[in-house]
1. Of 24/177; 106/240; 24/196, which pairs sit farther than 32 Å apart, going by alpha carbon to alpha carbon?
2. Antiparallel versus total DSSP beta bridges in the chain: what percent is that, nearest 5?
3. If you place +1 on the Cβ of every Lys and Arg, -1 on the Cβ of every Asp and Glu, and leave all else neutral, what size is the dipole of the chain about its Cα centre, to the nearest 20 Debye?
4. Ratio of Rg to Rh for the range 1-79, alpha carbon only, Kirkwood?
5. Could you derive backbone 3J(HN,Hα) for the range 201-218 from the dihedral phi with the Karplus parameters 6.51, -1.76 and 1.60 (θ = phi - 60°), listing whole Hz in sequence and x where the residue is Gly or Pro?
6. Taking the Cβ-Cβ separation of residue 86 and residue 163 as r and a Förster radius of 41 Å, what is the calculated FRET efficiency to the nearest 0.05?
7. Rounded to the nearest 0.05, what FRET efficiency is calculated for residue 194 and residue 244 with R0 set to 25 Å and r the Cβ-Cβ distance?
8. Determine the gain in length on full extension of the stretch residue 6-residue 46; use 0.36 nm per residue of separation and subtract their C-alpha separation, reporting nm with one decimal.
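The numbers here are math on the coordinates, done by the rules we state, and not lab data. What you are looking at is a predicted structure, and each value in this text was computed from that prediction instead of being measured. Because the Cβ atoms are built from the backbone with ideal geometry, glycine has one as well, and the counts that use them run over all protein chains shown.
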Amino acid sequence: MSPSKNTGYLANKIRIAALKMAHKANSSHIGSCLSIADIIAVLYDRILNVDPENPDWPDRDRFLLSKGHAAPAIYAALAEKGFFPTKWLDDYCVNGSPLMEHMNHKVPGIELSTGSLGHALSVGCGMALAAKRNLQNYRVFVLLSDGELDEGSNWEAILFAAHHNLDNLTAIVDYNKLQGFGTVEQVIRLEPLTDKWISFGWSVAEIDGHNHQQIFDKLYKVPLEKNKPTVIIANTIKGKGVSFMENKLEWHYKSPNDEQLQIALKELEQSGNNK
Ligand SMILES: Cc1ncc(C[n+]2csc(CCOP(=O)(O)OP(=O)(O)O)c2C)c(N)n1
Ligand SMILES: [Mg+2]
């Protein structure tokens with residue numbers, strides 16, 4: 001199996017929409033959105049079993065964005081998949097719009113409001129355990145950031161998931177090696193990250209988080225081992241796809257001005273549907 005030919009197009013759409021939202025709202029976190037655009041495109045293309053016509057369907061897969069500051073990437077994907085009209089994206093961060101700066105569960109297709117880092121993996125554990133106890137077949141996917149792993153609550157959830165054999169739970173770590181105020185290595189080092197998850201009883205795979213085939217190959221096969229939760233450590237580049245934003249700390253908080261937006265859009269248009 002392969003990802004569909006649509007994922008390159010979808011990832012590009014997500015990047016373009018997120019840039020426009022950040023520019024118009026003068027908001028932060030564009031680097032964080034660009035970092036996960038490829039993972040989100042593959043997830044919403046063929047991995048997540050969700051239905052835009054029936055977003056609360058009880059057996060749907062659950063997707064939680066723990067790094068809720070990257071909400072525009074999810075809003076863009078949901079609009080593109082038909083959960084709500086694309087026009088809503090124009091009102092990102094506008095008073096009264098459901099598209100709040102961080103993830104808002106009142107938006108169709110969003111399971112959990114996030115933005116305060118460190119919470120969604122615990123919620124995901126509860127959802128996964130509930131599925132087991134209620135004999136439901138849905139899966140739970142939680143996308144975490146690397147800086148977020150500094151929060152101790154994650155490590156409680158990591159212990160809990162392994163203890164309860166939650167093989168219907170998959171964590172994905174957006175390992176872009178940058179946080180808000182420095183590199184992960186400078187702030188609190190995570191290495192050896194793979195060994196840490198293994199020692200906590202998880203099944204681990206490491207991938208290039210911008211390679212659609214690699215993202216698909218692992219996500220399509222989860223759980224990677226029976227009775228164990230899975231974590232995919234996705235090596236990524238913060239700001240990926242816009243040359244002057246790639247791997248630059250400042251684009252965690254900065255918003256593109258008119259000229260920067262035009263340059264960024266041009267670059268993305270030229271790269272086009274190339275995955
Ligand atoms: C509990 C909590 N503390 C602090 C913040 C402020 N904050 C927003 S993003 C961020 C760090 C971003 O780095 P990382 O977690 O690696 O996310 P990335 O954008 O690189 O994916 C911080 C500290 C927050 N949202 N929640
Ligand atoms: Mg990071």
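1. Working: 24/177 27 Å; 106/240 29 Å; 24/196 40 Å.
Pairs exceeding the cut-off: 24/196.
2. Of the beta bridges lying entirely in the chain, close to 5 percent run antiparallel.
3. Values: 28 positive and 32 negative charges, 80 e Å.
For this selection, approximately 380 debye.
4. 0.98
5. In residue order, the calculated couplings are x, 9, 8, 10, 10, 10, 9, 7, x, 10, 9, 4, 5, 5, 4, 4, 3, 7 Hz.
6. That gives a FRET efficiency of 0.45.
7. Step by step, r from the Cβ atoms, then E = 0.20.
8. Contour length minus Cα-Cα distance gives 13.4 nm.
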